[in-house]
Amino acid sequence: MFDDFNYKTLSDAEKNGWVARTQVGHPGIKNATWWDEGISFHVDQSDANNSVMRLTSKTDGSAENTRHTQICHQRKYLEGTYAARLYFNDEPDFGPDGDGIVETFYTISPLEAPMDKNYSEMDFEYLANGGWGVKGNVLFSTSWETFQLEPWTPVNAHDTYKKSLQGWNTVVLQVFNDTIKYYINGHLFSEHGSDVYPEVAMSMNFNLWFIPEAVLNSTEPRQYHQEVDWVYFNADSALSHKQVEQAVASLRKQQVKQQDTVPHWQPKLDSYCGL
């Protein structure tokens, strides 16, 4: 599966299987709105010949005026190489800086019941202002066995990569033979094993949300955004950072804007944004 996000509107993207989340719920600020208006498409500011997808989220600290953003692709992915080129921002577009903000690329299945063992999730989560016990810029890799929301009980494996990732970055996730490997810009920084290996089909997602316990003590409006240049999935081969870039370059040379030959899971599953 490859998508260059060469769209004009969200409706165009929906024709190729993308779904914007609008349902209220976990994660983020409780009762905040998940809005499809936060998904937009633009000319790449660094390359006028390229287009990107933008996720925009904003808050003034209140649930009423918080807008989280999420978009997902069909729930049919399991083992394979996942990759995406992402633009992370360390600072808001406007307003005061300092909120606990999460910029992501991840895979997820719905949690059928608290502590359900047949649950799958693998996350790249960039916290520009730190959080979850870490100060400063940090990228989390998290592979989930299961969890329950109340009381909060996570069962996962995670690692951190502590560095500013302001600007464009390529993430690669290799999921083969009971081993999950997370790469950032060609660097292997995290490896997890069979205890958290995915077991059921997942959707691919991007989202941008605020950590409730790390929201800035301010009522002044502020807004953040992240961008996505492309996303790629290969079910057959454990591809390196370089091999993924070569595959994407080849598709672009052939002027392929979007391609999806990944079969629907059998039995066919609905599209879920992790809900």
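Listed here are the pairs Lys181/Lys242; Lys76/Lys268; Lys181/Lys268; which of them are more than 20 Å apart at the Cα?
Over 20 Å Cα-Cα: Lys181/Lys268.
Can you pull the percent of Cα pairs in the stretch 1-92 with separation above 22 Å?
Details: 1576 of 4186 pairs.
Summing the P(r) of the stretch 1-92 above 22 Å gives 38 percent of all pairs.
Quick one: Cα convex hull volume of the stretch 231-275, Å³ per residue?
Working: hull volume 5.0 nm³, N = 45.
Cα-based convex hull of the stretch 231-275, divided per residue, equals 111 Å³.
Which one of Trp152, Leu269, Gln23 is farthest out on the positive end of the charge dipole of the chain, using unit charges on Cβ (Lys, Arg +1; Asp, Glu -1) and the Cα centre as origin?
Leu269
State, to one decimal in nm, how far the label point of Glu213 lies from the label point of Thr22, with both points 7 Å from Cα in the Cβ direction.
So the label points at Glu213 and Thr22 sit 3.3 nm apart.
In the stretch 43-135, which trypsin sites (Lys or Arg not before Pro) are in a loop and have at most 16 other Cβ atoms within 10 Å, using DSSP for the loop call?
On the way: sites: Arg54, Lys58, Arg67, Arg75, Lys76, Arg85, Lys117, Lys135; in loops: Lys117, Lys135.
For trypsin sites (Lys or Arg not before Pro) across the stretch 43-135 that sit outside H, G, I, E and B with at most 16 neighbouring Cβ atoms in 10 Å, the list reads Lys117, Lys135.
Per 0.36 nm of contour for each residue apart, how much would the distance between Glu37 and Thr179 grow if the chain were fully extended, relative to their Cα-Cα spacing? Write down the numbers at each step before the final one.
Numbers: separation 142, 0.36 × 142 = 51.12 nm, distance 3.70 nm.
Gain in length upon complete extension: 47.4 nm.
Jot down the per residue volume, in cubic angstrom and as a whole number, of the convex hull over the alpha-carbon atoms of the stretch 136-275. Intermediate values should be presented prior to the final figure.
Details: hull volume 24.6 nm³, N = 140.
Taking the convex hull of the Cα positions in the stretch 136-275, it is 176 Å³ per residue.
On alpha-carbon atoms, Rg over Rh for the chain using Kirkwood Rh? Write down the numbers at each step before the final one.
Values: Rg = 17.5 Å, Rh = 18.8 Å.
Answer for the chain: 0.93.
Under a plain spin-label model, where a point goes 7 Å from the Cα along Cα-to-Cβ, how far apart in nm are Asp236 and Glu79?
The answer from the label model is 1.5 nm.
Using θ = phi - 60° and the Karplus relation 6.51 cos²θ - 1.76 cosθ + 1.60, list the HN-Hα couplings for the stretch 109-114 in order, rounded to whole Hz, with x at every Gly or Pro.
Once θ is set to phi - 60°, the couplings for the stretch 109-114 become 10, x, 7, 6, 7, x Hz.
Run the accessible area of the stretch 166-271 with a 1.4 Å probe and give the carbon-and-sulfur part as a rounded percent. Write down the numbers at each step before the final one.
On the way: 2320 of 5210 Å².
Here it works out to 45 percent.
With a 1.4 Å probe and all protein chains left in place, how much accessible area per residue does the stretch 1-133 have, in Å²?
Numbers: 5180 Å² over 133 residues.
Accessible area per residue, the stretch 1-133: 39 Å².
Could you go through the stretch 133-144 in sequence order and give the Karplus-derived ³J(HN,Hα) for each residue, using 6.51 cos²θ - 1.76 cosθ + 1.60 with θ = phi - 60°, rounded to whole Hz, and x for Gly and Pro?
x, 10, 9, x, 4, 7, 9, 9, 10, 9, 10, 10
Convex hull volume of the Cα atoms in the stretch 13-160, per residue, in Å³?
149 Å³
Under a Cβ-Cβ cut-off of 10 Å, what is the net charge of the residues other than Tyr224 that fall near it, where Lys and Arg count +1 and Asp and Glu count -1?
Numbers: positive: Lys58, Arg222; negative: Asp90, Glu91, Asp93, Asp97, Asp99, Glu103.
That sum, taken over residues with Cβ under 10 Å, equals -4.
List the relative contact order of the stretch 33-83 as a percent without decimals, with contacts defined as Cα pairs under 8 Å and 6+ residues apart.
Reported as a whole number, the value is 36 percent.
For the stretch 229-242, take each phi angle, set θ = phi - 60°, evaluate the Karplus expression 6.51 cos²θ - 1.76 cosθ + 1.60, and give the result in whole Hz per residue in order, putting x for glycine and proline.
With the stated coefficients, the stretch 229-242 comes to 7, 7, 9, 9, 9, 10, 6, 9, 9, 7, 8, 6, 3, 5 Hz.
In square angstrom, what is the accessible area per residue of the stretch 142-275 with a 1.4 angstrom probe?
Values: 6780 Å² over 134 residues.
Per-residue value: 51 Å².
If Phe41, Phe124 are ordered by their accessible area, calculated over protein heavy atoms with a 1.4 Å probe, which sequence runs from highest to lowest? List each step's numbers first, then the result.
Details: Phe41 25, Phe124 5 Å².
In descending accessible area the options line up as Phe41, Phe124.
Using the Cα centre as the reference, give the magnitude of the dipole from point charges on the C-beta atoms of the chain (Lys, Arg: +1; Asp, Glu: -1; all else neutral), rounded to the nearest 20 debye.
Numbers: 21 positive and 37 negative charges, 102 e Å.
So the magnitude is around 500 debye.
Keeping every protein chain in place, order Asp178, Asp159, Asp60 by accessible area at 1.4 Å, biggest value first, i.e. largest first.
Details: Asp178 80, Asp159 50, Asp60 30 Å².
Output order, biggest surface exposure first: Asp178, Asp159, Asp60.
Counting helices only, and only those DSSP H runs with n ≥ 4, report the 222 nm mean residue ellipticity of the chain as the sum of -39,500 (n - 2.57) divided by its residues, in deg cm²/dmol to the nearest 500. Can you show the working numbers first?
On the way: 2 runs with 18 residues, N = 275.
That calculation yields -2000 deg cm²/dmol at 222 nm.
Which one, His187, Trp209, Met1, projects farthest toward the positive side of the charge dipole computed for the chain from Cβ point charges (K/R +1, D/E -1)?
Met1
Could I have the simple spin-label model distance between Trp168 and Lys257, label points 7 Å from Cα toward Cβ, reported in nm to one decimal?
Result: 2.0 nm between the two label points.
Give me, ordered by chain and number, the residues 5 or more places off Ile101 or on other chains with an amide H under 5 Å from its own placed amide H.
Correct list: Ala128, Asn129, Ile211.
When 1/r is averaged over all different Cα pairs and the result inverted, which Kirkwood radius in Å belongs to the stretch 115-196?
Numbers: mean 1/r = 0.0737 Å⁻¹.
After inverting the mean inverse Cα-Cα distance, the result is 13.6 Å.
The values are calculated or read from the model by the stated rules, or taken from the named source; none is laboratory data. Since we're looking at a predicted model, the values are computed, not measured. Note: ideal-geometry Cβ built from the backbone for every residue, glycine included; neighbour counts use all protein chains shown. Side chains included, ligands, DNA and RNA excluded: accessible areas come from the protein's heavy atoms. Shrake-Rupley method; radii C 1.70, N 1.55, O 1.52, S 1.80 Å.
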